[in-house]
Amino acid sequence: MKGFKEFLLRGNVVDLAVAFVIGVAFAAVVAALVDNVINPLISSIFKADSLDKAMVVTIGNSQILFGAFLGAVINFVIIAAAVYFLFVVPLNHFMTKFAKEKEATPAEATELELLADIRDLLATPAITSDGKHTP
């Protein structure tokens, strides 16, 4: 039970849950946009109730639903644009700013660099308090 609790409380699972909830809410917004704005426009242009019933081509017993495909493409473009401009652009801006700040801070010396500095200090002659050099 402890392992399951740790799994649920890890950041990735919580982030995924939040992303899922936001995605479902955003899908509802897109559906409302299509149902209340785009479908009435299609209705006035193509004399159909919705995109699913617009631009239908019947060949024999089969129907090709170009309007349904167009509706799916419009939904995809709206969702992709919103995700890009609301999430990706701000995140990229933040990451660029964070990378510049990280570059501006001086890097810590590595163990090898510290050992080389110690070697160089030991190799230089020291001056004693009476002004004599020691090897």
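Here, each number is a calculation from the coordinates, and none is a lab measurement. None of these values were measured; they are calculated from a predicted model. Note that we place each Cβ from the backbone using ideal geometry, even for glycine, and neighbour counts take in every protein chain shown.
What net charge is computed for the residues neighbouring residue 72, neighbours being all others with C-beta under 15 Å from the C-beta of residue 72, Lys and Arg scored +1, Asp and Glu -1?
Charge balance near residue 72 sits at -1.
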Let me check I have the definition right: for the stretch 2-108, take the eigenvalues of the Cα gyration tensor, multiply each by 5, take square roots. What are those semi-axes in whole Å, largest first? 43, 20, 12
Between 67, 45, 22, whose Cα lies farthest towards the positive end of the dipole of the stretch 2-108 when Lys and Arg beta carbons carry +1 and Asp and Glu beta carbons carry -1, centred on the Cα centre? 22
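Mind putting a number on the dipole of the stretch 2-108 about its Cα centre? Charges go on the C-beta only, +1 for Lys and Arg and -1 for Asp and Glu, and I need it in Debye to the nearest 20.
With Lys and Arg at +1 and Asp and Glu at -1, about 100 debye.
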Its Cα gyration tensor gives the stretch 20-76 an equivalent ellipsoid whose semi-axes in whole Å, largest first, are 25, 14, 7
